[in-house]
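In what follows, a single structure is set out as structure tokens and then discussed.
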Amino acid sequence: MRALRLLPLLLVVLAVAACASSHVLTGTPRPPIDPAQVRIYHGPPPGGYEEIAILETSSGAFTYGDQNKTDAILRKLREEAASLGANGVLFQGTADGYGGSGVSVGAGGGRVGGSSFGGAGVGVNISPRQKYASGLAIHVPNPPPETAPGTPPQE
């Protein structure tokens with residue numbers, strides 16, 4: 001009965017662990033900032049940067065759709081970088097996890113002590129494949145101004 005009471009706690013711990021991001025410090029962290037201030041860079045920003053940490057994250061076990069998975073990993077990278085005081089993430093790339101949906105069918109039967117028995121079962125796995133991402137939490141001393149999509153950069 002005691003194990004039954006611990007089951008909800010165990011499920012919560014597993015769910016939180018599945019959504020966690022991780023980092024390895026490679027520089028000096030700064031005071032935390034708002035994640036909205038963290039920019040994603042797909043190449044080194046002009047003017048240089050200071051590396052703070054290596055970041056790794058995943059989309060989560062119940063995130064469906066490629067765009068939703070990408071949005072989730074970028075949000076998590078920003079949040080983890082912001083917690084370290086980084087104002088940028090130098091995006092390193094993504095990878096798809098193993099697994100995905102599947103259906104299994106099984107059947108069995110036997111005879112014990114003059115009595116026969118049989119059984120059949122179907123198993124369905126609908127959990128999506130996770131997306132993983134990595135990046136570098138960086139501090140950019142003088143970040144370049146943001147430009148709206150489709151607007152040519154000012155010179």
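The values are calculated or read from the model by the stated rules, or taken from the named source; none is laboratory data. Here the structure is a predicted model, which is why all the values come from computation and not from measurement. Every residue, glycine among them, receives a Cβ derived from its backbone with ideal geometry; neighbour counts consider all protein chains shown.
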Assigned to a strand (DSSP E or B) and either under 30 Å from E51 (Cα atoms) or modelled with pLDDT under 70 (or both), is that true of F91? yes
Quick one: what pairs do we get from segment 37-52, first residue more than 16 Å from R75 (Cβ to Cβ), second β-branched (V, I, T), C-beta under 6 Å, 6+ apart or different chains? P45/V140; Y49/I138; Y49/V140; E51/T26; E51/I138
Go through A72, A120, A107 for me and flag whichever is of a type in the set (A, V, I, L, M), at pLDDT 90 or above and farther than 17 Å from R39 by Cβ. A72
Of the residues in segment 15-53, those that are part of a loop (DSSP other than H, G, I, E, B), touching a Gly at 6+ places or on another chain (Cβ under 8 Å) and at pLDDT 90 or above number 8
Breaking point among (1) at pLDDT 90 or above; (2) surrounded by fewer than 17 Cβ atoms within 10 Å (Cβ to Cβ); (3) of a type in the set (D, E, K, R), for E56: (2)
